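**Student:** I have a structure here, written as structure tokens, and I will follow up with some questions on it.
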Amino acid sequence: TRPPLAAARDAIAAARRIVIFTGAGMSAESGVPTFRDALTGLWARFSAEALATPEAFARDPELVWGWYEWRRARVRAAQPNAGHGAIAEFAARRAAEGSGGVTVVTQNVDDLHERAGGPAAVHLHGSLFAPRCSACGAPGEFALADPVEPEGGRRLAPPRCEQCGGALRPGVVWFGEGLSEAAWRAASQAMDACDLVLCVGTSALVHPAAALPEQALRAGATLLQVNPGHTAFDALARFNLKGSAATVLPALLCGKH
Ligand code: APR
């Protein structure tokens, strides 16, 4: 039988419509702190669940807004890695060849897929770059396009909505909140229509996002996984490539070794 990477490349070449489903591991090699890594400095004594909720924001908007601006500054200081680049190059090549679409569905709130030049990702959990008014929901503007935040972080008053004067909030999905209807519908339709779903850097633990690749399987798709660790998708993957995004994706998608 062919080596897994070659067989996985054959399956990708044979696929007409591909969804690439990514999680925090996709951005690990860009040095973006994962959700839990970001509990440092001013926020070290909190749990993610204690900060990433509407209640926490209502109780102390400056503590929560400061945390998200600190995380946004860390993302702005990071660069897309070779994995983001491989996805962008792959999607561009398939579009040029007319050999079928590529949809990126991500659980990440960073903008590294976009900054790598790849297709605009469907952000299931929102984005650090889409603030909105906590009162009227209107899209908001940052005070600083590229925030400069001290290493230990600081409290920051959220900017005011230009429409109604309400406080802006991060455009991310908090614990206890539902996913945006539009994002869920786009992701769900892509999963139902694809014949291959490539899962990269997700622990497959957080629902409802983690149920999406199984929806693709039920629609007859093949599931591939790239992850150095073990996840719930191990049992569902036809090819399970044990390695990191920045190493495996250039080989898998662009034939680079
Ligand atoms: N390349 C690929 N995968 C990696 C790498 C890497 N370099 N480094 C780590 N991983 C894998 C880990 O093995 C793990 O399976 O990435 C996964 C990261 O899992 P999580 O931190 O749970 O990230 P994710 O699955 O995206 O979490 C989903 O939970 O933290 C909340 O809302 C947040 O969107 C996030 C959601």
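**Student:** In the stretch 231-254, which residues are more than 19 Å from the chain's Cα centre (by Cα) and either within 8 Å of the ligand (Cβ to nearest atom) or of a type in the set (Lys, Arg) (or both)?
**Tutor:** Residues satisfying the conditions are ARG238, LYS242.
**Student:** Within the stretch 9-44, can you find the residues that are more than 10 Å from the ligand (Cβ to nearest atom) and exposed (fewer than 15 other Cβ atoms within 10 Å of the Cβ)?
**Tutor:** Result: ASP10, ALA13, ALA14, ARG16, GLY31, THR40, ALA44.
**Student:** Given the criterion touching a helix residue (DSSP H, G or I) at 6+ places or on another chain (Cβ under 9 Å) and surrounded by 14 or more Cβ atoms within 10 Å (Cβ to Cβ), identify the matching residue among ALA92, ALA145, ALA130, ALA121.
**Tutor:** ALA121
**Student:** Within the stretch 216-223, identify whether any single residue is in a helix (DSSP H, G or I) and buried (at least 24 other Cβ atoms within 10 Å of the Cβ), and answer yes or no.
**Tutor:** Among the residues of the stretch 216-223, at least one is in a helix (DSSP H, G or I) and buried (at least 24 other Cβ atoms within 10 Å of the Cβ), which makes the answer yes.
**Student:** Please enumerate the residues belonging to the stretch 36-88 that are of a type in the set (Gly, Ala, Ser), more than 14 Å from PRO170 (Cα to Cα) and in a helix (DSSP H, G or I).
**Tutor:** GLY41, ALA48, ALA50, ALA77, ALA82, GLY83, GLY85, ALA86, ALA88
**Student:** Of the residues in the stretch 158-202, how many are touching a residue at least 12 places away in the same chain (Cβ under 8 Å) and touching a strand residue (DSSP E or B) at 6+ places or on another chain (Cβ under 8 Å)?
**Tutor:** Number of matching residues: 28.
**Student:** I'd like the residue in the stretch 118-167 that is of a type in the set (Gly, Ala, Ser), under 24 Å from MET26 (Cβ atoms) and touching an Asp or Glu at 6+ places or on another chain (Cβ under 8 Å) and, out of all such residues, is farthest from the ligand (Cβ to nearest atom).
**Tutor:** The residue in question is ALA120.
**Student:** Which condition number does LEU168 fail, the rest of (1) crowded, with 19+ Cβ neighbours inside 10 Å; (2) assigned to a loop (DSSP other than H, G, I, E, B); (3) more than 20 Å from the chain's Cα centre (by Cα); (4) on the phi < 0 side of the Ramachandran plot being met?
**Tutor:** LEU168 satisfies every listed condition except (2).
One line per residue, one yes/no per condition, for (1) part of a loop (DSSP other than H, G, I, E, B); (2) more than 17 Å from PHE21 (Cα to Cα); (3) touching a Lys or Arg at 6+ places or on another chain (Cβ under 8 Å):
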position	(1), (2), (3)
GLY100	yes, no, yes
ASP110	yes, no, no
GLU114	no, no, no
GLY118	yes, no, no
PHE129	no, yes, yes
ARG132	no, yes, yes
ALA135	yes, yes, no
ALA143	yes, yes, no
VAL148	yes, yes, no
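**Student:** Hey, another quick one. For GLY66, all conditions in the list (1) surrounded by fewer than 21 Cβ atoms within 10 Å (Cβ to Cβ); (2) more than 16 Å from the ligand (Cβ to nearest atom) hold save one; what is the number of the exception?
**Tutor:** Failed condition: (1).
**Student:** Now, a different point. Within the stretch 105-139, can you find the residues that are under 12 Å from the mean Cα position of the chain (by Cα), free of Cβ contacts under 8 Å to residues at least 60 places away in the same chain and farther than 25 Å from GLY165 by Cα?
**Tutor:** ASP111, GLU114, ALA120
**Student:** Continuing with this model, one more query. Which one is nearest to the ligand (Cβ to nearest atom), of the residues in the stretch 184-204 that are surrounded by fewer than 18 Cβ atoms within 10 Å (Cβ to Cβ) and within 16 Å of the chain's Cα centre (by Cα)?
**Tutor:** Checked the stretch 184-204; the qualifying residue nearest to the ligand (Cβ to nearest atom) is SER203.
A short reminder: the numbers here are calculations on the coordinates, not readings from a lab. In this text the structure is predicted, and so the values were computed from the model without any measurement. Every residue, glycine as well, gets a Cβ built from its backbone with ideal geometry; the counts of neighbours run over all protein chains shown.
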